[in-house]
1. Mind checking which residues of region 84-130 are under 25 Å from Asp151 (Cβ atoms) and charged (D, E, K, R)?
2. Can you run down the residue pairs with Cβ atoms below 7 Å, 6 or more apart or on separate chains, where the first is in region 33-54 and in contact (Cβ under 8 Å) with a residue 60 or more places away in the chain and the partner is β-branched (Val, Ile, Thr) and surrounded by 13 or more Cβ atoms within 10 Å (Cβ to Cβ)?
3. Given the condition in a helix (DSSP H, G or I), surrounded by 15 or more Cβ atoms within 10 Å (Cβ to Cβ) and β-branched (Val, Ile, Thr), answer yes or no: does some residue in region 85-94 qualify?
4. Within region 134-184, count every residue that is among the β-branched types (Val, Ile, Thr), surrounded by fewer than 19 Cβ atoms within 10 Å (Cβ to Cβ), in a helix (DSSP H, G or I) and touching a helix residue (DSSP H, G or I) at 6+ places or on another chain (Cβ under 7 Å).
5. Of all the residues that make up region 105-123, how many are in a helix (DSSP H, G or I) and either at pLDDT 95 or above or surrounded by fewer than 19 Cβ atoms within 10 Å (Cβ to Cβ) (or both)?
6. Please determine, by comparing only the residues of region 138-189 that are under 19 Å from the mean Cα position of the chain (by Cα) and of a type in the set (Asp, Glu), which one is modelled with the lowest pLDDT.
7. Got a number for residues in region 26-62 being exposed (fewer than 13 other Cβ atoms within 10 Å of the Cβ) and closer than 30 Å to Leu179 by Cβ?
8. Counting residues that are out of contact with any strand residue (DSSP E or B) (no Cβ under 7 Å at 6 or more places or on another chain) and on the phi < 0 side of the Ramachandran plot, which strands (runs of 3 or more DSSP E) fully inside region 1-74 reach at least 2?
Amino acid sequence: MKRNHVQTIGIAGGSGSGKTRLSLYLEEQLSPLVVKVFHMDRYYKSVRPFVKAPFSEKEYEDFNHPDAVDITKLYNELLTAVQSQTFDVIIIEGFLLFHFPELRKALDLKVYIDVRADERMIRRTAWFVEKGYIYDDIMSEYLDLVRYRHDKYVEPTKWYADFIMNGSAGKYKGTEMLLKWIVMRSRGM
């Protein structure tokens with residue numbers, strides 16, 4: 001069976017805003033539609049840039065710079081997935097997603113999850129602590145580098161979004177509105 005237009009949905013927002021949680025929730029709720037989710041975190045280059053933090057001058061491997069992402073690989077895999085006509089919905093999530101014009105152009109709907117910095121920092125810290133990282137190292141990197149990268153590369157891109165969601169509200173009206181929109185579009189409405 002040949003599928004109609006594949007819907008491509010992009011979900012961006014700062015680190016700890018809930019992008020992964022939303023993408024996985026949508027994937028689960030959209031069944032029986034065939035959904036493919038791309039997580040930009042899986043497209044880091046094997047060699048990433050290093051940078052000195054603006055004030056401490058401590059050196060960090062910079063996961064928060066656009067040059068850390070293998071955008072060519074991600075874009076090519078996205079195009080392959082769209083052209084395969086295997087999927088009804090393709091979701092891409094990542095904090096740097098809207099930074100790349102080629103990805104923005106490939107999206108039917110761009111969603112930005114907006115969450116205040118202190119809440120994102122708490123979520124991000126809890127996630128990294130759970131993964132075994134040292135609390136003081138997580139906080140130092142956030143205060144030295146991550147927040148500056150967010151201000152430079154993530155926050156300004158929210159104006160590319162078609163839909164800005166309140167990420168502090170959890171799965172409420174915004175999430176359900178998004179879900180209904182995707183389902184309606186898949187039915188050709």
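The values are calculated or read from the model by the stated rules, or taken from the named source; none is laboratory data. What you are looking at is a predicted structure, and each value in this text was computed from that prediction instead of being measured. Neighbour counts are summed over all protein chains in view; Cβ atoms, including those assigned to glycine, are modelled from backbone coordinates with ideal geometry.
1. The answer is Glu93, Glu102, Arg104, Lys105, Lys110, Asp114, Arg116, Asp118, Glu119, Arg120, Arg123, Arg124.
2. From residues that are in contact (Cβ under 8 Å) with a residue 60 or more places away in the chain, the pairs are Leu33/Val89.
3. Scanning region 85-94 turns up no residue that is in a helix (DSSP H, G or I), surrounded by 15 or more Cβ atoms within 10 Å (Cβ to Cβ) and β-branched (Val, Ile, Thr).
4. Going through region 134-184 one residue at a time, the tally reaches 0.
5. So the count comes out to 6.
6. Only one residue tops the list, namely Glu176.
7. 4
8. none
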